Amino acid sequence: MNHLLRIILIFVFSLYFNSLVNAQELNCNVQVNSSQVTGSDKSIFDVMQKAIYEFMNNRKWTNHVYSNQERIECTILINITEQVSVGSFKATIQVQSRRPVFNSSYNSTLLNHIDRDFEFTFNEFDQLDYSETTFISNLTSTLSFYAYMILALDYDSFELNGGTQNLIKAQTIVTNAQSAPNTGWKAFEDTKNRYWMAENYLKPNYAELRKTFYNYHRLGFDIMTKDASEGRKVVFNSLKNLESVFNYDMNSFQLQLFFNAKKDELIDLFKEAQPSEKAEVVLLLKRINPANGNDYEKILKK
């Protein structure tokens, strides 16, 4: 083989290999919906969508090594509700993330949250930058916050308290935003905002929730293909641990986030259970998640 050709091939294969082992953590689908905004020129929203996509997917958020197959599947939907002025927007941001269940084609939802407290600025030639020590913009701080929340929940689902470092990163973003004029970051503004999302997960009172997150996924769902009955039993027992969180705060934002992601999955799972197990789990779910109590009745109908 020609020596120069050999060098070129080695270089190409090296680039390909590095792209596999050094892939970024997130595989994030980004959509920006501007249907509520009047006006003829909406090209800014295409530019915005591309910039946010690149920000989420091309950045290394941790020092861990990922392959392409290991990237975390997630979705960000930004619904622009108003263009306040040139480059200034009001919106909602919906964040979803999923993790694969071992030895199956099924993906379990970890996060499904709509943040309605989202105002930001963006202009066509803006570079989206993020700093771990400084609040640069509400857009990049919010995106970075949810990137670390996605990572934290994913890590918690594979290892007990595995997401702690990512939760601390999310909390640091909240701290850096305390002097910002934007809402959504401060404790006194609301009991269900970004401040409390990060804060509560790190409190000792919520330790059982994070334990449930691990047991539910790693010890429960990940054995479903091998033993569905035993997997359901582990999931049921893990849910019992949430009673302590409910007793601590029956209006817990964290429980709301958990059941926003898990309600439909739980209904589908326990429809296949034995009648006695169905009755027990419905009683438990209606107690600790009364907002969805009527939906859990579907478990009993099959």
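Values quoted throughout were computed directly from the atomic coordinates according to the rules given, and no laboratory measurement underlies them. Please read these numbers as outputs of a predicted model, since none were measured by experiment. Note that each Cβ is placed from the backbone with ideal geometry, even for glycine, and that neighbours are counted across all protein chains shown.
Here are the numbers:
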quantity	calculated
Relative contact order for the chain, counting Cα pairs under 8 Å that sit 6 or more residues apart, in percent	12 percent
Theoretical ellipticity at 222 nm over the chain - DSSP helices of four or more residues, -39500 (n - 2.57) apiece, nearest 500	-14500 deg cm²/dmol
Antiparallel bridge percentage (DSSP; both residues within the range 21-202; nearest 5)	75 percent
Footprinting exposure proxy for Asp117, Asp41 (fewest neighbouring C-beta atoms within 10 Å first)	Asp41, Asp117
Along each principal axis, Cα extent of the range 97-166, largest first, Å	44, 24, 22
Karplus 3J(HN,Hα) series, Hz, for the range 271-276 with 6.51 cos²θ - 1.76 cosθ + 1.60 (x for Gly, Pro)	4, 8, 7, 6, x, 5
Extent along principal axes [Cα atoms of the range 164-302; Å; largest to smallest]	54, 30, 22
Segments 242-255, 197-210 sorted - mean Cβ within 10 Å per residue, highest first	197-210, 242-255
Assigned charges on the beta-carbon of Lys, Arg, Asp, Glu; the range 205-302 dipole about Cα centre (debye)	60 debye
Cross-link partners of Lys301 among aspartates and glutamates (Cα-Cα below 13 Å; sequence separation of 8 or more within a chain)	Asp268, Glu272
Contact order normalised by residue count of the range 105-184, Cα under 8 Å, 6+ apart, percent	32 percent
Pairs beyond 32 Å (Cα-Cα), from Lys211/Lys271; Lys203/Lys271; Lys226/Lys286	Lys203/Lys271
Relative counts (whole %) of C-alpha pair distances in the range 21-202, using bins that are 5 Å wide	1, 8, 16, 21, 21, 16, 10, 5, 2, 0, 0
Relative contact order of the range 155-302, pairs being alpha-carbon contacts under 8 Å that are 6 or more residues apart, as %	18 percent
